[in-house]
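Participant: Dropping the structure in here first, questions after.
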Amino acid sequence: MTQPSVILATAGYDHTIRFWEAKSGRCYRTLQYPDSQVNRLEITPDKQYLAAAGNPNIRLFEVNSNSPQPLMTYESHTSNVMAVGFQCDGNWMYSGSEDGTVKIWDLRAPGCQREYESRAAVNTVVLHPNQTELISGDQNGNIRVWDLTANSCSCELVPEVDTAVRSLTVMWDGSLVVAANNHGTCYVWRLLRGTQTMTNFEPLHKLQAHNGYILKCLLSPEFCEPHRYLATASSDNTVKIWNVDGFTLERTLEGHQRWVWDCVFSVDGAYLITASSDKTARLWTMSTGEAIQVYEGHHKAAVCCALHDGAESSPS
């Protein structure tokens with residue numbers, strides 16, 4: 001099999017993971033995920049593997065293969081895994097779960113290497129670009145920074161008491177962090193480096209982005225520069241694109257018929273993929289806000305999508 005240069009996958013409540021040809025909209029591979037729904041998908045930096053987070057396991061599949069079986073299964077969470085991601089050279093994976101923990105896994109070894117206790121269901125985890133801090137958000141409204149070097153929680157903040165933090169995103173250069181919550185609000189902080197390695201949060205902006213829940217917030221990637229955007233996907237069936245310079249609304253992406261659960265930018269920030277409860281995923285062009293492709297085939301809600309259309313980043 002020759003590897004496609006663009007890897008696009010979606011999953012959700014029909015117990016399948018689907019791989020799509022981005023341009024044509026054709027589904028060329030379907031994987032069964034029998035044990036649960038799939039909450040989150042992530043592709044490794046080298047484009048070799050796809051992690052699928054379910055309840056309560058994470059399964060790693062080969063991207064460039066016809067095998068229906070996972071290569072590895074990561075077991076030790078005891079509830080829904082809501083977040084999964086990889087360190088930049090792909091040596092380790094992190095996860096967050098409704099069991100209240102954040103875990104770190106060495107991809108080359110079985111079992112969980114480290115565990116951090118959040119004391120509330122974890123909805124979202126992101127890795128700071130410095131690769132040494134994880135930031136988690138939970139159902140009780142806590143945001144915590146986990147310092148991987150010191151192996152401890154270095155910072156805690158609660159933007160809105162008892163309001164679940166649904167999604168976190170960090171700017172590619174580490175300058176901003178955004179937290180989105182169940183009240184449709186985005187909190188934006190500047191990230192300042194203290195004398196220690198600890199990241200300090202300086203409040204920058206509070207954005208009332210939607211009337212419904214924000215299910216995903218995402219800052220645009222490095223190759224989108226000099227433009228900087230924030231995408232917010234919501235239970236109001238829309239995705240809004242905000243200009244980070246002043247947090248003005250650039251455009252609203254309308255077309256999904258149900259909640260929009262996930263979104264991911266293309267490597268240059270020119271396109272956005274979204275996944276929705278209306279069973280479809282869509283490809284939007286950022287310049288016009290139009291949907292230029294619809295990916296149809298899921299039988300139930302599509303709640304997560306993953307895209308890797310950049311160069312394979314090999315270990316540095």
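Participant: Determine which member of the set THR101, THR163 is open to solvent by less than 30 Å² (accessible area, probe 1.4 Å), closer than 28 Å to GLY246 by Cα and not charged (D, E, K, R). So that I can check it myself, show each step before the final result.
Facilitator: On the way: THR101 fails: closer than 28 Å to GLY246 by Cα.
Among THR101, THR163, only THR163 is open to solvent by less than 30 Å² (accessible area, probe 1.4 Å), closer than 28 Å to GLY246 by Cα and not charged (D, E, K, R).
Participant: Tell me the strands (runs of 3 or more DSSP E) entirely within the stretch 67-131 that contain at least 1 residues that are out of contact with any Ser or Thr (no Cβ under 9 Å at 6 or more places or on another chain) and touching a residue at least 24 places away in the same chain (Cβ under 8 Å). Spell out the reasoning first.
Facilitator: Working: elements: 72-74, 81-86, 92-97, 101-106, 112-117, 122-127.
Hits in the stretch 67-131: 72-74, 92-97, 112-117, 122-127.
Participant: I'd like to verify a number: residues in the stretch 1-19 that are touching a Phe, Trp or Tyr at 6+ places or on another chain (Cβ under 6 Å) and open to solvent by 10 Å² or more (accessible area, probe 1.4 Å), how many?
Facilitator: Final tally of qualifying residues: 1.
Participant: Right, next: With the condition kept exactly as written, say whether any residue in the stretch 48-65 is open to solvent by less than 40 Å² (accessible area, probe 1.4 Å), within 30 Å of TYR116 (Cα to Cα) and in contact with a Cys (Cβ under 6 Å, 6 or more places away or on another chain).
Facilitator: no
Participant: Report the residue count in the stretch 248-286 for those that are β-branched (Val, Ile, Thr) and within 16 Å of ILE214 (Cβ to Cβ).
Facilitator: Just the residues of the stretch 248-286 that are β-branched (Val, Ile, Thr), to begin with: 248, 252, 260, 264, 267, 273-274, 280, 285.
With within 16 Å of ILE214 (Cβ to Cβ) added as a condition, the list becomes 252, 260, 264, 274.
Final tally of qualifying residues: 4.
Okay, residues lined up against (1) part of a strand (DSSP E or B); (2) without any contact (Cβ under 8 Å) to a residue 40 or more places away in the chain:
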| position | (1), (2) |
| --- | --- |
| TRP261 | yes, no |
| GLY269 | no, no |
| ALA275 | yes, no |
| ARG282 | yes, yes |
| ILE292 | yes, yes |
| TYR295 | yes, no |
| VAL303 | yes, no |
| ALA306 | yes, no |
| GLU312 | no, no |
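Participant: Let me ask something else about it. Scan the stretch 119-128 and tell me whether some residue there is open to solvent by 20 Å² or more (accessible area, probe 1.4 Å) and either of a type in the set (S, T, N, Q) or in contact with an Asp or Glu (Cβ under 7 Å, 6 or more places away or on another chain) (or both).
Facilitator: The answer is yes, given that some residue of the stretch 119-128 is open to solvent by 20 Å² or more (accessible area, probe 1.4 Å) and either of a type in the set (S, T, N, Q) or in contact with an Asp or Glu (Cβ under 7 Å, 6 or more places away or on another chain) (or both).
Participant: Also, quick follow-up: Count, please, the residues in the stretch 20-45 that happen to be touching a strand residue (DSSP E or B) at 6+ places or on another chain (Cβ under 9 Å) and either open to solvent by 10 Å² or more (accessible area, probe 1.4 Å) or free of Cβ contacts under 8 Å to residues at least 24 places away in the same chain (or both). Quick ask: steps written out before the conclusion?
Facilitator: Looking only at the stretch 20-45, we keep the residues that are touching a strand residue (DSSP E or B) at 6+ places or on another chain (Cβ under 9 Å), and these are 20-33, 35, 37-45.
Filter again for either open to solvent by 10 Å² or more (accessible area, probe 1.4 Å) or free of Cβ contacts under 8 Å to residues at least 24 places away in the same chain (or both), leaving 21-30, 32, 35, 37, 39-40, 42-43, 45.
The qualifying residues number 18.
Participant: So, one more: Any residue in the stretch 79-90 that is over 23 Å from GLN32 (Cβ atoms) and open to solvent by 30 Å² or more (accessible area, probe 1.4 Å)?
Facilitator: Yes, that holds for at least one residue.
The values are calculated or read from the model by the stated rules, or taken from the named source; none is laboratory data. In this text, all values refer to a predicted model and were calculated from it rather than measured experimentally. All Cβ positions, even for glycine, are placed from backbone atoms using ideal geometry, and neighbour counts span all protein chains on display. With ligands, DNA and RNA removed, areas are computed over all heavy atoms of the protein, side chains included. Shrake-Rupley method; radii C 1.70, N 1.55, O 1.52, S 1.80 Å.
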